[in-house]
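Colleague: Attaching a single structure in C-alpha cells format; questions to follow.
The values are calculated or read from the model by the stated rules, or taken from the named source; none is laboratory data. From a predicted model like this one, the values you see are computed outputs, not experimental measurements. Glycine gets a Cβ as well: all are built from the backbone with ideal geometry, and neighbour counts include every protein chain shown.
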Amino acid sequence: MENEKIEKCSGNTKFSVFAAINIITLLAVVILFVLHFTNGSKTAVVETTSNDSTSTEGIRVVHVNSDEIVEQYYLTGILKKDFEKEKKSLENEFGRRQRAFQKDVETFQTNVQQGKISNENAMKRERELMLTQQELYELNEQFTERLMMLEMEMQKQITDSLTTFLARYNQNKNYDYILGYARGGGILFASPGVDITQEVIEELKKTEPKK
C-alpha cells in the first residue's frame with residue numbers, strides 16, 4: 001500500500017469550512033425550530049425578550065447549505081486543483097525514494113545469498129539500509145503533515161473569503177444571522193422557507209474572475 005498515509009490524509013478534500021458556524025448556541029437552534037412553524041416567508045422574524053428589559057426586538061434569521069456553497073465556490077476549485085498538484089508531487093517523490101530503497105534491499109539480499117559480500121560488509125550495509133528505512137518513515141510523516149497543513153490553510157482561506165463575501169452581501173439584506181448548516185452538523189433542522197443558498201450561490205458566481 002504505497003503512500004497509504006499520504007493518501008489517507010488527502011482523502012478528505014471536501015471542506016467543512018462552516019464547522020465553527022454550525023456549532024451554534026441553544027438559542028439559535030430554538031430559533032430554527034420556531035421558524036418551522038412560521039408562514040414560510042423568505043425572512044423569518046422572531047420576537048425575543050431581553051433579559052434585562054421587557055422590550056422585544058425582531059431577529060432576522062436565514063440559512064445556507066454550507067456544503068453546496070463551498071462546492072460551487074470558484075475558489076474551492078482553484079485551491080483543490082493546487083492541492084491535488086502538490087499531493088501528486090509529494091506522492092511521486094516518496095514513491096521514487098521508496099522504489100530506490102526496495103531495489104537496494106533486493107540487491108543486498110541477492111549479494112548475501114550468492115556470497116558476494118563479506119559478513120563485515122553485510123552488517124555495514126544492513127545498518128545503512130535500516131537508516132534509509134527510518135528516513136523514509138520520517139519523510140512519510142513530513143509529507144503527511146504538509147498535506148494536512150495545506151488542507152487547513154485552504155479551509156481557512158475559503159472560510160475567510162466567504163465570510164467577507166457574506167458580510168458585503170448582507171449590507172443590503174440586514175439579516176441578524178446567516179447560519180450555515182450541513183448534514184451531520186450542529187443544526188438539527190433548517191426550514192426551507194428561509195434557505196437562501198441558491199441566492200447566495202448566484203451572487204457568488206458574479207464574483208468569479210472573467211476568463
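Colleague: So, residue 103, is that one at pLDDT 95 or above and basic (Lys, Arg) or not?
Modeller: Judged against the criteria, residue 103 is a match.
Colleague: Quick check on my filter: what residues within the range 183-211 are among the hydrophobic types (A, V, I, L, M, F, W, C) and closer than 22 Å to residue 59 by Cβ?
Modeller: Matches in the range 183-211: 187, 188, 189, 190, 194, 196, 200.
Colleague: Scan the range 165-211 residue by residue and report those that are in contact with a strand residue (DSSP E or B) (Cβ under 8 Å, 6 or more places away or on another chain), aliphatic (A, V, I, L, M) and at pLDDT below 90.
Modeller: Of everything in the range 165-211, those that are in contact with a strand residue (DSSP E or B) (Cβ under 8 Å, 6 or more places away or on another chain), aliphatic (A, V, I, L, M) and at pLDDT below 90 turn out to be 182, 187, 190.
Colleague: Considering the range 178-204 alone, what residues qualify as being surrounded by 15 or more Cβ atoms within 10 Å (Cβ to Cβ), in contact with a helix residue (DSSP H, G or I) (Cβ under 9 Å, 6 or more places away or on another chain) and either within 17 Å of residue 73 (Cβ to Cβ) or not small (Gly, Ala, Ser) (or both)?
Modeller: Of everything in the range 178-204, those that are surrounded by 15 or more Cβ atoms within 10 Å (Cβ to Cβ), in contact with a helix residue (DSSP H, G or I) (Cβ under 9 Å, 6 or more places away or on another chain) and either within 17 Å of residue 73 (Cβ to Cβ) or not small (Gly, Ala, Ser) (or both) turn out to be 178, 179, 180, 181, 182, 187, 194, 197, 200, 201, 204.
Colleague: At pLDDT 95 or above and under 20 Å from residue 182 (Cα atoms): does that describe residue 76?
Modeller: Judged against the criteria, residue 76 is a match.
Colleague: Residues 138, 91: which one is in contact (Cβ under 8 Å) with a residue 24 or more places away in the chain and over 15 Å from the mean Cα position of the chain (by Cα)?
Modeller: None of the other options fit; the residue is 91.
Colleague: Within the bounds of the range 81-96, is there any residue that is aliphatic (A, V, I, L, M), assigned to a helix (DSSP H, G or I) and either more than 27 Å from residue 198 (Cα to Cα) or assigned by TED's automatic domain parsing to the domain that holds residue 201 (or both)?
Modeller: Within the range 81-96 (the criterion being aliphatic (A, V, I, L, M), assigned to a helix (DSSP H, G or I) and either more than 27 Å from residue 198 (Cα to Cα) or assigned by TED's automatic domain parsing to the domain that holds residue 201 (or both)), the answer is yes, since at least one residue qualifies.
Colleague: Got a number for residues in the range 157-172 being closer than 16 Å to residue 69 by Cβ and either without any contact (Cβ under 8 Å) to a residue 40 or more places away in the chain or touching a His at 6+ places or on another chain (Cβ under 6 Å) (or both)?
Modeller: 8
Colleague: Can you tell me which of (1) at pLDDT 95 or above; (2) surrounded by fewer than 12 Cβ atoms within 10 Å (Cβ to Cβ); (3) of a type outside the set (Gly, Ala, Ser) is the one residue 140 doesn't meet?
Modeller: (2)
Colleague: Now for a separate question. Test residue 116 against the stated conditions and say whether it is under 30 Å from residue 95 (Cβ atoms), among the charged types (D, E, K, R) and part of a loop (DSSP other than H, G, I, E, B).
Modeller: yes
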